[in-house]
1. Checking T98 against (1) among the β-branched types (V, I, T); (2) in contact (Cβ under 8 Å) with a residue 60 or more places away in the chain; (3) farther than 17 Å from V233 by Cβ, which single condition isn't satisfied?
2. (1) within 14 Å of the chain's Cα centre (by Cα); (2) not assigned by TED's automatic domain parsing to the domain that holds A102: which one isn't true of D163, the others all being true?
3. Anything in region 130-150 that is touching a residue at least 12 places away in the same chain (Cβ under 8 Å) and more than 28 Å from the chain's Cα centre (by Cα)? List them, or say none.
4. Return yes or no: is G21 at pLDDT below 90, part of a helix (DSSP H, G or I) and exposed (fewer than 15 other Cβ atoms within 10 Å of the Cβ)?
5. Would you say F194 is at negative phi, touching a residue at least 40 places away in the same chain (Cβ under 8 Å) and touching a Gly at 6+ places or on another chain (Cβ under 8 Å)?
6. Report whether or not L238 is buried (at least 20 other Cβ atoms within 10 Å of the Cβ) and farther than 18 Å from G89 by Cα.
7. Out of the residues in region 128-155 meeting the condition of being part of a loop (DSSP other than H, G, I, E, B) and in contact with a strand residue (DSSP E or B) (Cβ under 7 Å, 6 or more places away or on another chain), tell me which one is farthest from Y182 (Cα to Cα).
8. Given the conditions (1) of a type in the set (A, V, I, L, M, F, W, C); (2) under 20 Å from T98 (Cα atoms); (3) in contact (Cβ under 8 Å) with a residue 60 or more places away in the chain, and given that L256 satisfies all but one, which numbered condition is not satisfied?
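The values are calculated or read from the model by the stated rules, or taken from the named source; none is laboratory data. All figures in this text were calculated on a predicted structure; none of them were measured in a lab. Backbone-built Cβ (ideal geometry, glycine too); neighbour counts: all protein chains shown.
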Amino acid sequence: MEIPYTTEIRPDTGVYNAKLGIWLFLASEVMLFGALFSAYILLRVGAPPDMWPHGWLDVRFGTLNTILLALSAITTLLAWAACKVREFGKFRFFHGCTILLALTFLGIKSYEYHDKWIHYEIHLKDGTIADGHLVEQNDTEVVIHGRIVTDETKLYDLRAQKDIQLTELTIPRADIKAMENYAPRHNTFTAIYFTLTGLHALHILGGTCVIFYLWAFGGAMWRKDPERFTNRVEVSGLFWHFVDLVWIFLFPVLYLT
């Protein structure tokens, strides 16, 4: 049995089935991310004064990833346009560019996650705090590249502090009271940061898999039914543009505030 309205327009909705489906799916996605952004706002408003991090994320990486996703939005649009004018070779080129841009984005995000995972806040028994990136550790000592502060609030607003001096510190384990990396459980900011960007990264990964499938295995459908294939490319592009839009909100909220 042939599925109706895979290429032709439905008279009751004005769009073909797949496009209607993706719009309904994106509506649920808006509610999901809307709830998470609302949670971020409430958590930040409710945070004690001087205890919300500023400058913990590298704006350079965030800016680069913003540019990469903006370019990928253009290339996926050009891939769809190439299908509309029946140029399959150009479609593969532009979709290939989209895949490379997406993988680069995920690579940079993985580096940022790793940077947080090896970043430690070490509370010492004398009341001071050592903070920095782990160099090495063994049963007797921990070596980090960082600094020692006497007030925990100095670890939060990094943008207000100029010329922070970092050195290699060797800390005997006998002097350590507590030691924790900047993982999701570290504090409220890292929890919401990893939740928002992690969920977004999963969407990037899922979208990349779909785009790769169309790029690598779409030739058969293209030869049999190019209009239906073009519609699939358009649907995947709509999802991709939504992912791009989410990042446009994530970047200033997490990196610039």
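1. For T98, the exception is condition (3).
2. Against the list (1) within 14 Å of the chain's Cα centre (by Cα); (2) not assigned by TED's automatic domain parsing to the domain that holds A102, D163 comes up short only on (1).
3. A130, D139, T140, E141, V142, V143, R147, I148, V149, T150
4. yes
5. Against the criterion (at negative phi, touching a residue at least 40 places away in the same chain (Cβ under 8 Å) and touching a Gly at 6+ places or on another chain (Cβ under 8 Å)), F194 does not qualify.
6. Spelling it out, it is not the case that L238 is buried (at least 20 other Cβ atoms within 10 Å of the Cβ) and farther than 18 Å from G89 by Cα.
7. T140
8. (2)
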